[in-house]
Amino acid sequence: MAAGTGRRWGLRVGHFGVVGLFTLFTAFPFYWMLVTTFKRTSDLLKRGNNPFVYNEAPTLENLRVLFQETLYVRWLVNTALVGVAVVVITLILAIPAGYALARLTGRWGEQLGIGIFLTYLVPPTLLFIPMSRVIGDLGLQDSLWSLVLVYPSFTIPFCTWLLMGFFKAIPRDLEEAAMIDGLSRFGAFVKVVIPISVAGVLTVVIFSFTLVMQEFVYALTFISSVRQMTVSVGVPTFLVHGDVYFWGSLMAGSFIASVPIAILYNFFVDRFIAGFTVGAIK
Amino acid sequence: MATLERDLRAPAAGRRFGFVLDRPEWLGPLMIAPAVLYIVAIVGLPFLLALYYSVSDISMGRRTLGFVGLKNFISVIPTSKFQTSLQNTFVFAIVSQVLVIILANILALALLKEFRGKWVVRLLLLLPWVAPISLGTIGWLWILDSIYSVINWTLEAFGLITADGWPMYLGKPYLAMGSVITVHVWRLLPLATVIILAGLTSIPKDIHDAAQVDGASFWRHHFQITVPLIRPILLVALLFGLVFAFTDMVVIFVLTRGGPYDTTQVLASLAFFTGIQGGDLAEGAAIAIFLFPLLLAVAFVFLRIARRSEVT
Amino acid sequence: MAIVETRDVRKHFGDVHAVDGVNLTTKEGEFLVLLGPSGCGKTTLLRMVAGLEDPTGGEILIGGQVVNDLPPRARKIAMVFQSYALYPHMRVFDNIAFPLRAQGVPRAEIPHKVEWAAGLFGIEKLLHRKPRELSGGERQRVALARAVVREPAVFLLDEPLSNLDAKLRTSARDELQQFQRRIGTTTIYVTHDQVEAMGLGDRIAVMQGGKVRQIGTPQEVYDEPADTFVAGFLGSPPMNLLEIPDCLVGFRPEHFLPKEAHESRDGLLALKFHISRIEYLGADRLLYGALEGKFPDTKVISKLASTVSTPVQPGKTQDFAVREKDFRFFDRETGLRTRPRPV
């Protein structure tokens, strides 16, 4: 009996240790961003100082620099604008496509669906060179519109796939009842299917928005003027002047742009995973 | 009776167009077409352009575009820069994926158990995946800093290294590759973990109970019951991981810019530095094109294996 | 009110002939039940009448008008689904009002009509609830109210009682029939449950393998089955079948009684019955066993009402008998009914 309890305690401690170590690994950089945000530069850049404690009084100076002396706010606004535009385009194109793949097309639709999904795997690093030329020819160089145009290339495939899964899960009876009740196929889609898919649509909104926030390669390629940058490019390029790093402000900018969206994302994560694993789980 | 006949006939004549909205064979293509056209225009055409650029002499300043055959490939392939990058791409992708799959399995098993505060833990574990990767990597840049690294300070405090023996994580070839891989593992671990966790939770409890009743030990249980059952999903995680790892340049761009001495340069970053920053679009395109067969092979192999394991 | 007619209607899914040439004509205001085992094509046929599936061939007529090319909404039909298909995001009121709004009924008339329909099923109190806050029986009533509210020419019902528990099903069956009699709308009702079919239908169309095997009143299909499939499908337990030299002969378990239990001795065919097992079902007993003598080793079942007092015992061979007029004869090859002959 005593041996049994000891063993159970051992397992518990081991379990706790594993989870704790991993959590430390994943979350430490963000904790470190937060700590650094409030440190004075003189405190940061003194080699003997214990980095885990505030050797000098905490300060809001880094935040002031970030918000007042850089275009950080502007970058956040740019990111939000691009995000909203991309979300709208994605919804307009992906919702009908997802529904059609779920309901209106037979075998060829299934193949097409897989084809669309695979385009999600075509990486920006393969396309950014011709894309930069096309963007230039369209006169969109250095304009947020270039990002609005290009980002749906990866949001649409994944969101179409996600939504297809959602629509497949809706009982067919509901649409059929609506068709008998006096609506066309399309009418049933608009008035019955979309309203009961609010959760799915919301998932797609969050997902597209996070993808836009994370995107780096296209933004780095197309945008050169500081005023037009998104936050994921602005912080690492502009806040680094040659070898001079504004560590406090860098960390503050990174933390603020990372953690809130992560908390939001956390509520929807199961649905994204369902999208990733369609077909692989029975 | 007469009124009914009229009722039935009236809409047939009156709403001819409306019936397009009823016929799946019309409505289906009509609803997919916009998305497909957009993807073809934004992914398909640039892809073809990329193929064409790789056999042309296009560059940033010039408007003309001449066909030069395989000249770009011939001039790029023999360079040590390219060959190092190709090798680094494989090392980077394969080592990071092996680590990710092993660690994600351990973590997913640990998370299978219910415990208090699980949702907070999950949030913390997901952070690296959700946060913009360039910003997360900035955090690492500071942690791995050559002079003020918190890791080195801690190691010294524990007496593991001396004050003048601080490793330069991003400045020494092997350490730099190790750092880049570590950050990449950090970034992809959450996705792989939740995918595998989804697979683990989809196994019916009966099967675990049966294995226990049959007297299977922990390891036998894990490797003969659990792993085979989640194999399709392991493949999904691996597929995504490999694709992301083969094509990513963000971690490298932010941490090392390919340095020191190109020891962390990969194809994606080399294409960027050559094509965009160097202005030689043609050569950049030729380098980037090398990513494509890699991706194709990865996708093909895994779709095949995944399909086979679905059948059996 | 309308008559529904199908003319040689077919539906093929690849090589599968789900519906394989069905000719049916309802009567005005009739309650017609499509009965058959799962996969017999009854639901597919109903869905084609509704316009939810396109027939591969043949014509569907509603009120004398060919409706093959009309979408569901233009067919003046209403349908109740097995799952009820209530719109989960709408309150009961909006669910019932949905067909009216979809068809452009003037706004002012809607509340009045919804209340009328709700009143028919006694659900006026539920109008403000969401479907998930309703019990199974309440959902079924809402689905019916939604079907009635637009006063359709035809009702189509797809196993609407199968999601209710056994007790509720009996009372719902009763209500459904009374309601159909009152409004007198032509109704097509799909079920696999023969008790439901017998209890509800003016006529029953028994389907199997995509074809209608027999159509007739409940008495007709039970007493005079057109072929061995109908004879075997209806009745619980099914009809006993014996092989005689040139055909099959069938008789119902309830007609296979101990000799003494028959009222008269005339016109009886005596059979030796070896009883192997007895099931007590309360009102009835089922006797399982095999015949001896003329039909050795043929398995048969007898159903004795509890009012039959003749003692029976498992393991014994007893004298049983069937009245000759209760025999039904079927062709050995086709399974179809043939003329009677001496056994």
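The values are calculated or read from the model by the stated rules, or taken from the named source; none is laboratory data. Please read these numbers as outputs of a predicted model, since none were measured by experiment. Heads up, the Cβs are rebuilt from the backbone with ideal geometry, glycines too, and the neighbour counts pull from every protein chain shown.
Filter the stretch A:234-256 down to residues that are in contact with a Phe, Trp or Tyr (Cβ under 6 Å, 6 or more places away or on another chain) and either surrounded by 24 or more Cβ atoms within 10 Å (Cβ to Cβ) or not aliphatic (A, V, I, L, M) (or both) and give me whichever is farthest from the other protein chains (Cβ to nearest Cβ).
It comes out as A:Gly234.
Within the stretch B:28-138, which helices (runs of 4 or more DSSP H) (wholly inside it) include 2 or more residues that are hydroxyl-bearing (Ser, Thr, Tyr) and more than 10 Å from every other protein chain (Cβ to nearest Cβ)? It would help to see each step written out before you state the result.
Values: elements: B:45-53, B:71-76, B:80-112, B:118-130.
Here the list reads B:80-112.
Being within 11 Å of chain A (Cβ to nearest Cβ) and without any contact (Cβ under 8 Å) to a residue 12 or more places away in the chain is the requirement here; does C:Gly104 meet it? Explain how you work it out, then say what you get.
On the way: within 11 Å of chain A (Cβ to nearest Cβ): yes; without any contact (Cβ under 8 Å) to a residue 12 or more places away in the chain: yes.
Yes: the conditions hold for C:Gly104.
Show me the helices (runs of 4 or more DSSP H) found entirely inside the stretch A:114-227 where at least 2 residues are of a type in the set (A, V, I, L, M). Break it down stepwise before answering.
Working: elements: A:124-137, A:144-150, A:152-169, A:172-180, A:185-188, A:198-214, A:217-222.
Counting at least 2 such residues, we get A:124-137, A:144-150, A:152-169, A:172-180, A:198-214, A:217-222.
Looking for whichever is of a type in the set (A, V, I, L, M), surrounded by 24 or more Cβ atoms within 10 Å (Cβ to Cβ), modelled with pLDDT of 90 or more and closer than 14 Å to B:Leu238 by Cβ here; the options are B:Val100, B:Val95. Which one fits?
Values: B:Val95 fails: surrounded by 24 or more Cβ atoms within 10 Å (Cβ to Cβ).
Only one candidate passes the filter, namely B:Val100.
Name the one entry in C:Asp266, C:Asp227, C:Asp202, C:Asp284 that is closer than 21 Å to C:Phe320 by Cβ and touching a strand residue (DSSP E or B) at 6+ places or on another chain (Cβ under 6 Å). Walk me through how you get there before you give the answer.
Numbers: C:Asp266 fails: touching a strand residue (DSSP E or B) at 6+ places or on another chain (Cβ under 6 Å); C:Asp227 fails: closer than 21 Å to C:Phe320 by Cβ; C:Asp202 fails: closer than 21 Å to C:Phe320 by Cβ.
The conditions single out C:Asp284.
Is it the case that the stretch B:236-251 has a residue that's within 19 Å of B:Val298 (Cα to Cα) and free of Cβ contacts under 8 Å to residues at least 40 places away in the same chain? Write out each step before concluding.
Initially, the stretch B:236-251 is screened for residues within 19 Å of B:Val298 (Cα to Cα), giving B:236-249.
Still in the running and free of Cβ contacts under 8 Å to residues at least 40 places away in the same chain: B:249.
Checking the stretch B:236-251: at least one residue is within 19 Å of B:Val298 (Cα to Cα) and free of Cβ contacts under 8 Å to residues at least 40 places away in the same chain.
Go through (1) touching a helix residue (DSSP H, G or I) at 6+ places or on another chain (Cβ under 9 Å); (2) under 21 Å from B:Leu107 (Cβ atoms) one by one and return the number of the condition A:Thr37 breaks.
(2)
If only one of A:Val84, A:Val148 is more than 9 Å from chain B (Cβ to nearest Cβ), under 22 Å from A:Arg227 (Cα atoms) and out of contact with any helix residue (DSSP H, G or I) (no Cβ under 6 Å at 6 or more places or on another chain), which one is it? Outline the logic, then answer.
Details: A:Val148 fails: out of contact with any helix residue (DSSP H, G or I) (no Cβ under 6 Å at 6 or more places or on another chain).
Just one listed residue meets the conditions, A:Val84.
Under the condition of being surrounded by fewer than 24 Cβ atoms within 10 Å (Cβ to Cβ) and without any contact (Cβ under 8 Å) to a residue 60 or more places away in the chain, which residue from the stretch A:85-100 is farthest from A:Phe166 (Cα to Cα)?
A:Val88
With the requirement that a residue be surrounded by 18 or more Cβ atoms within 10 Å (Cβ to Cβ), over 17 Å from the mean Cα position of the chain (by Cα) and closer than 24 Å to C:Lys27 by Cβ, what does the stretch C:138-174 give you?
Correct list: C:Leu144, C:Ala147, C:Val148, C:Arg150, C:Pro152, C:Ala153, C:Val154.
Each row is one residue, and each column tells you yes or no for (1) modelled with pLDDT under 80; (2) within 10 Å of chain A (Cβ to nearest Cβ); (3) crowded, with 16+ Cβ neighbours inside 10 Å.
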| position | (1), (2), (3) |
| --- | --- |
| B:Ile207 | no, no, no |
| B:Ala211 | no, no, yes |
| B:Ile230 | no, yes, yes |
| B:Phe244 | no, yes, yes |
| B:Thr274 | no, yes, yes |
| B:Glu283 | no, yes, yes |
| B:Ile287 | no, yes, yes |
| B:Val301 | yes, no, no |
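Considering only the stretch C:185-221, state which residues are surrounded by fewer than 18 Cβ atoms within 10 Å (Cβ to Cβ) and either closer than 14 Å to C:Val22 by Cβ or not assigned by TED's automatic domain parsing to the domain that holds C:Ile77 (or both).
Across the stretch C:185-221, the qualifying residues are C:Gly209, C:Lys211.
Would you confirm, using the coordinates I've provided, whether A:Leu138 is more than 8 Å from chain B (Cβ to nearest Cβ) and either in contact (Cβ under 8 Å) with a residue 40 or more places away in the chain or among the polar types (S, T, N, Q) (or both)?
Numbers: more than 8 Å from chain B (Cβ to nearest Cβ): yes; either in contact (Cβ under 8 Å) with a residue 40 or more places away in the chain or among the polar types (S, T, N, Q) (or both): no.
Here the answer is no, as A:Leu138 does not meet what is asked.
Scan the stretch B:217-229 for residues that are touching a helix residue (DSSP H, G or I) at 6+ places or on another chain (Cβ under 7 Å) and small (Gly, Ala, Ser) and jot them down.
Of everything in the stretch B:217-229, nothing turns out to be touching a helix residue (DSSP H, G or I) at 6+ places or on another chain (Cβ under 7 Å) and small (Gly, Ala, Ser).
When you look at A:Thr36, is it surrounded by 22 or more Cβ atoms within 10 Å (Cβ to Cβ), in contact with a Gly (Cβ under 9 Å, 6 or more places away or on another chain) and of a type in the set (Val, Ile, Thr), yes or no? Before the answer, list the steps.
Numbers: surrounded by 22 or more Cβ atoms within 10 Å (Cβ to Cβ): yes; in contact with a Gly (Cβ under 9 Å, 6 or more places away or on another chain): yes; of a type in the set (Val, Ile, Thr): yes.
Judged against the criteria, A:Thr36 is a match.
Does C:Arg341 qualify as being modelled with pLDDT under 90 and out of contact with any Phe, Trp or Tyr (no Cβ under 6 Å at 6 or more places or on another chain)? Walk me through it before giving the result.
Details: modelled with pLDDT under 90: yes; out of contact with any Phe, Trp or Tyr (no Cβ under 6 Å at 6 or more places or on another chain): yes.
The answer is yes for C:Arg341.
Determine whether B:Leu255 is at pLDDT 85 or above, within 11 Å of chain A (Cβ to nearest Cβ) and under 19 Å from A:Asp270 (Cβ atoms).
Numbers: at pLDDT 85 or above: yes; within 11 Å of chain A (Cβ to nearest Cβ): yes; under 19 Å from A:Asp270 (Cβ atoms): no.
No.
If you scan the stretch A:191-227, which residues turn out to be under 17 Å from A:Arg74 (Cβ atoms), surrounded by fewer than 22 Cβ atoms within 10 Å (Cβ to Cβ) and of a type in the set (A, V, I, L, M)?
A:Val226, the sole residue that qualifies.
Can you spot a residue in the stretch A:137-145 that is modelled with pLDDT under 90 and on the phi > 0 side of the Ramachandran plot?
The answer is yes, given that some residue of the stretch A:137-145 is modelled with pLDDT under 90 and on the phi > 0 side of the Ramachandran plot.
With B:Ile42, B:Ile133, B:Ile138 as the choices, which residue is crowded, with 17+ Cβ neighbours inside 10 Å, of a type outside the set (Lys, Arg), under 30 Å from A:Val190 (Cα atoms) and within 21 Å of the chain's Cα centre (by Cα)?
Just a single option satisfies the conditions, and that option is B:Ile42.
So if I check each of C:Ala118, C:Ala2, which one is among the hydrophobic types (A, V, I, L, M, F, W, C), more than 29 Å from C:Phe233 (Cβ to Cβ) and in a helix (DSSP H, G or I)?
Being among the hydrophobic types (A, V, I, L, M, F, W, C), more than 29 Å from C:Phe233 (Cβ to Cβ) and in a helix (DSSP H, G or I) holds for just one of C:Ala118, C:Ala2, which is C:Ala118.
In the stretch C:236-273, what residues are over 30 Å from the mean Cα position of the chain (by Cα) and within 30 Å of C:Glu333 (Cβ to Cβ)?
C:Ile244, C:Pro245, C:Asp246, C:Gly267, C:Leu268, C:Leu269, C:Ala270, C:Leu271, C:Lys272, C:Phe273
Of everything in the stretch A:31-64, what is facing another protein chain (nearest Cβ under 7 Å) and either at pLDDT below 85 or farther than 22 Å from B:Ala157 by Cα (or both)? Give them in sequence order. Walk me through how you get there before you give the answer.
Let us first name the residues in the stretch A:31-64 that are facing another protein chain (nearest Cβ under 7 Å), namely A:32-33, A:36, A:44-45, A:47, A:51.
Residues satisfying the conditions are A:Leu44, A:Leu45, A:Arg47, A:Pro51.
With the requirement that a residue be more than 27 Å from C:Leu161 (Cα to Cα), touching a residue at least 40 places away in the same chain (Cβ under 8 Å) and outside any strand (DSSP E or B), what does the stretch C:45-98 give you?
Correct list: C:Thr56, C:Gly63, C:Gly64.
As an exercise: evaluate B:Leu197 against (1) more than 14 Å from every other protein chain (Cβ to nearest Cβ); (2) over 23 Å from B:Gln87 (Cβ atoms) and give the number of the one condition it does not meet.
Condition not satisfied by B:Leu197: (1).
Out of the stretch C:76-99, which residues are more than 7 Å from every other protein chain (Cβ to nearest Cβ) and over 20 Å from C:Gly122 (Cα atoms)?
Quick first cut of the stretch C:76-99, residues more than 7 Å from every other protein chain (Cβ to nearest Cβ) only: C:80, C:82, C:84, C:86, C:90-97.
Correct list: C:Gln82 only.
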